[in-house]
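The values are calculated or read from the model by the stated rules, or taken from the named source; none is laboratory data. This is a predicted model, so every value here is computed, not measured. Please note: Cβ atoms are built from the backbone with ideal geometry, for glycine as well, and neighbour counts cover all protein chains shown.
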Amino acid sequence: MTGAKAEAGTIRRPWLPFGAVAVFAVWSAIGPADVPTWWMESLPALIGLPLVLWLWPRFAWTPLAVALMALHAVVLLLGAHYTYAETPLGFWMQDVLGTARNPYDRLGHLMQGFAPAILAREVLSRRLGLRGGWLAFLVLCFCQALSSCYELLEWGSAELFGDGAVAFLGTQGDPWDAQWDMFTCLIGAGLALSTLGRWHNRQLARLTGRAF
């Protein structure tokens, strides 16, 4: 067994964290505030995590990447259940931070950069051998592209469904919501790279047997 299969064979599938997310998903699906919004917000987790398990023999992820996948899924599923503008955790954050709006949407977009940054870093470093500044630059570019695609999806939803997409958009009356979302995603990606990079490198080295 060599290459990717050898790497995948060194670590078991993350049944426990992903199983916990599955239980949380069941709770999230029971009586959501808006059913169409629940589907739109939950699909990345509902599709992404099973896909990771299916592809595991070909590409096993580090424990850090798995933890971030699970955490990001929980953030998505919680927002999907209540809608982002009405999430109780966001109202608590609003009281603590003294913000004019429920900031859970900002947390969601921060995670949209924070978790995918490590996932993109893992793929680019393991598959393409990228290191240093080019790795960081391309990870940031990927996260911004991901955020831009999501904003285009929101725009398309608004065009198709009109007022029916208000809960999904979660703009809360802010005309610059899309720009703030993309900026917050960029901040999240930068935070992940600056705070988790060395830890991620150590896990990559243990998983693959190569220096990072």
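Observations on the model:
- Region 94-127 - residue that is farther than 23 Å from Ala80 by Cα and small (Gly, Ala, Ser) and, of those, modelled with the lowest pLDDT: Gly98
- Among the conditions (1) surrounded by fewer than 18 Cβ atoms within 10 Å (Cβ to Cβ); (2) small (Gly, Ala, Ser); (3) modelled with pLDDT of 95 or more, Ser28 misses just one, which is (1).
- Matching residues in region 81-90 - criterion: being part of a helix (DSSP H, G or I) and touching a Ser or Thr at 6+ places or on another chain (Cβ under 7 Å): His81
- Residues located in region 71-87, provided they are modelled with pLDDT of 95 or more and surrounded by fewer than 21 Cβ atoms within 10 Å (Cβ to Cβ): Leu71, Val74
- Region 94-141, subset charged (D, E, K, R), in a helix (DSSP H, G or I) and touching a residue at least 40 places away in the same chain (Cβ under 8 Å), residue surrounded by the most Cβ atoms within 10 Å (Cβ to Cβ): Arg121
Results for (1) part of a helix (DSSP H, G or I); (2) touching a Pro at 6+ places or on another chain (Cβ under 9 Å), shown as yes or no for each residue.
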residue: Ala25; (1), (2): yes, no
residue: Trp38; (1), (2): yes, yes
residue: Leu43; (1), (2): yes, no
residue: Pro57; (1), (2): no, no
residue: Ala65; (1), (2): yes, no
residue: Met69; (1), (2): yes, yes
residue: Gly79; (1), (2): yes, no
residue: Trp92; (1), (2): yes, no
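- Odd one out for Gly170 among (1) modelled with pLDDT of 80 or more; (2) of a type in the set (Gly, Ala, Ser); (3) crowded, with 19+ Cβ neighbours inside 10 Å: (1)
- If you go through region 43-99 and pick out every residue that is more than 17 Å from the chain's Cα centre (by Cα) and over 28 Å from Arg127 (Cα atoms), you end up with 16.
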